[in-house]
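Below you'll find the structure, written out as structure tokens, and then a few comments.
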Amino acid sequence: MAIDVPVELKVRGPAGPAPLRRPGSVRRTSTIDMRWPAGPGTQLRLTGRARDLLTPADESAPVVLAEDTMTVGVHPMTRTIEDISAHPPRYALSALVGARGGGNSRALLAEVMAGEAEAGTPLYLMLDDIAGASLIAGFAYSRWIPRPQLELAMASAPKRNMEGICTGFQPGSGALMPDGSSKWNHQVRPVGPLAREDDPLGWHDLEEITEISMRRARRIDVAVGDVIEIDSMFQDSSTVPEGGRVAVHEYLVRATADPVTGELLSLAADPRVLPYDECPLASAAVGAIVGTPLRELRAAVLEKFPGTAGCTHLNDAMRALAEVPALVASLRAR
């Protein structure tokens, strides 16, 4: 039986480049580029870059408040972290070597890098994304490897039962094969550059990549008036052999929060690109998180939207707002 998706919840297509920066705001941007330097099936390399940029209210020159980079080597099958480094250096990162990119690594990350989490640094946002990035990276194969060859490889690989994993894979979803594995008929959309031509400083420096790769990108804009105003974007995209990129996931998330308590006053999710028809249904439930303090979102989102109650990628987009209080503090300090 087909699952009904209301028209208002259907994807609306890519949102396009970032909006113009607002005077008196701070913008955090981050990207994680995923590549296999020695070829498909070899070690996955993650290259992360993140930056906080202040746009002063008096329209003077923007100010870089913080900037971090990281490199991570991940085993292609087990998703185990094999090496990791950051700039500026954080020597505690060595404790993450051997952790598997998933719930295990996030639990260890919260323990080992508690100071980074408390400070809401750009690095912590990228570190928390290792789990999701290492999981989604293989999607790039579907854009670069010929379908017969890909199907042959998939036929010999262990099947993973995806039923019940998320809203998109709920029982009865058109995204599922009879054995519970996922279909590879992802609904992708071509996407253009993240930055605007008339605002090149709106994003940190982005590497031009033409080889097989994935990119996870985030933008979080924060301004403070009567309420904290948040406008954020999340996108997973792959390069393609003919040039350019296609997105498989893209959400816009807008929220407001109390400037004193930091509690969410409103939150709305706008699904722009998603792989299956049923995926956008998750966006209808996000109001359940309203009233939660921003700092508690990393844990609260996972508690409130487990399994078919949520979308893995929308959950990640909401969890990333946990660092908004740090952005608010940096904005007020200026």
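Descriptive notes on the structure:
- Sole exception among (1) among the β-branched types (Val, Ile, Thr); (2) more than 24 Å from residue 204 (Cα to Cα); (3) touching a residue at least 24 places away in the same chain (Cβ under 8 Å) for residue 63, by number: (2)
- Of the residues making up segment 69-85, one or more are assigned to a strand (DSSP E or B), touching a residue at least 60 places away in the same chain (Cβ under 8 Å) and buried (at least 16 other Cβ atoms within 10 Å of the Cβ).
- Check on residue 107, of a type outside the set (S, T, N, Q) and free of Cβ contacts under 8 Å to residues at least 40 places away in the same chain: yes
- You will find that of 114, 99, 57, 61, the residue that is over 18 Å from the mean Cα position of the chain (by Cα), of a type outside the set (S, T, N, Q) and buried (at least 19 other Cβ atoms within 10 Å of the Cβ) is 99 and no other.
- Restricting attention to segment 1-55, the residues that are farther than 28 Å from residue 279 by Cβ and in contact with a strand residue (DSSP E or B) (Cβ under 7 Å, 6 or more places away or on another chain) total 15.
- Each residue in segment 215-273 was checked for being part of a loop (DSSP other than H, G, I, E, B) and either farther than 27 Å from residue 135 by Cα or open to solvent by 20 Å² or more (accessible area, probe 1.4 Å) (or both), and 12 of them qualify.
- Among the candidates 332, 295, residue that is at pLDDT 95 or above, open to solvent by 10 Å² or more (accessible area, probe 1.4 Å), assigned to a helix (DSSP H, G or I) and on the phi < 0 side of the Ramachandran plot: 295
- Search result, residues across segment 15-48 that are buried (at least 23 other Cβ atoms within 10 Å of the Cβ) and more than 16 Å from the chain's Cα centre (by Cα): 26, 44
- Residues of segment 102-111 that are aliphatic (A, V, I, L, M), surrounded by 16 or more Cβ atoms within 10 Å (Cβ to Cβ) and over 28 Å from residue 331 (Cβ atoms): 108 alone.
- Residue match in segment 30-39 (condition: touching a Phe, Trp or Tyr at 6+ places or on another chain (Cβ under 9 Å) and in a strand (DSSP E or B)): yes
- Qualifying helices (runs of 4 or more DSSP H) (wholly inside segment 107-150; at least 3 residues being over 17 Å from residue 248 (Cα atoms) and among the polar types (S, T, N, Q)): none
The values are calculated or read from the model by the stated rules, or taken from the named source; none is laboratory data. Predicted model, so just to flag it, every value in this text is computed and none were measured. Note that we place each Cβ from the backbone using ideal geometry, even for glycine, and neighbour counts take in every protein chain shown. Calculation scope for accessible area: heavy atoms of the full protein, side chains included, ligands and nucleic acids excluded. Shrake-Rupley method; radii C 1.70, N 1.55, O 1.52, S 1.80 Å.
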